[in-house]
1. Compute the distance in nm between two label points, each set 7 Å from the Cα along the Cα-to-Cβ direction, one at R31 and one at D193.
2. Each label point is 7 Å from the Cα along the Cα-to-Cβ direction; what then is the distance between the points at K120 and S179, in nm?
3. Setting aside same-chain residues fewer than 8 positions from K161, which lysines have a Cα under 23 Å from its Cα?
4. Rounded to the nearest 20 Debye, what is the dipole magnitude of the chain about its Cα centre when Lys and Arg each give +1 and Asp and Glu each give -1 at the C-beta?
5. Given q = 0.14, 0.19 Å⁻¹, what are the Debye log10 I(q)/I(0) values for the chain, with equal point scatterers placed on the Cα positions and solvent ignored?
6. Span-like helices, the chain: DSSP H, alpha-carbon axial extent 27 Å or more, mean Kyte-Doolittle 0.0 or greater, which ones?
7. With n ≥ 4 as the cut-off for DSSP H runs, can you work out [θ] at 222 nm for the chain, using -39500 (n - 2.57) per run divided by the number of residues, rounded to the nearest 500?
8. HN-Hα J couplings of segment 145-150 from phi, Karplus 6.51/-1.76/1.60, θ = phi - 60°, integer Hz, Gly and Pro as x?
Amino acid sequence: MPVQYLTVGAIVLAFVLAAFAVHLVHGAVHRALDRMEGNSAVNRAALHQRAKKLVRTVMLLAYGVAALASISLALSWVGVGEAQLDPRLGAARFQLYNMYRQAGRTPDATAALETFQRLKKENEGSAIAEDPNWCNYAEVYDPPIAPAPAPVLADTAFSDKVLPGEVDAKTAGMTVIDSTGAGDADLLVWSTDRSH
């Protein structure tokens with residue numbers, strides 16, 4: 001039987017089992033509620049409300065587990081999640097050989113060592129040697145950001161101007177501002193008693 005039919009069958013079975021589990025829990029909860037006696041109508045109504053919430057929670061849990069199992073089966077059917085080694089990479093085969101040897105799996109270790117030796121012999125004399133540390137991103141070219149061009153300085157001209165009045169030297173301050181927004185520098189002078 002093809003694998004896809006088995007996968008679809010397993011997915012359907014997972015949801016059928018989830019529905020069956022929900023049905024069993026629903027029946028068990030209602031049987032337990034029917035056996036309870038001596039409660040007032042208000043208490044019985046509250047218990048039935050909690051029972052409905054419990055059954056809904058179990059239903060969500062069961063169908064959630066079925067959905068996760070279905071996704072896992074579907075992904076395994078298309079091959080996602082399976083470990084796949086590059087068939088030309090000898091370093092991985094040598095690591096497998098060491099792990100099998102340490103685990104006492106002699107036949108597997110022998111097969112991995114033979115594969116490693118065959119790949120090593122095939123790669124002898126090749127123009128590009130095997131590098132197990134290389135990956136697709138090892139040679140990504142990332143050019144540096146070009147520095148901003150140096151600003152062009154305009155011709156500057158200065159003039160002296162005596163400001164009217166006086167400022168308190170102890171509290172005075174000054175800064176350069178562009179008061180008109182035209183790119184011209186203006187001097188702002190202030191103290192506790194006035195500003196110019």
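Only the coordinates and a few stated rules stand behind these numbers; no lab work does. Bear in mind that the values here come from a model prediction, so they are computed numbers and not experimental data. So basically every Cβ, Gly included, is an ideal-geometry build from the backbone, and we count neighbours across all protein chains shown.
1. 10.1
2. 8.4
3. In chain and number order, the partners are K170.
4. 2160
5. Rounded to two decimals, the profile gives -1.10, -1.24.
6. Once both thresholds are applied, what remains is 3-35, 41-78.
7. My calculation for the chain gives -18500 deg cm²/dmol from helical runs alone.
8. 5, 5, x, 5, x, 5
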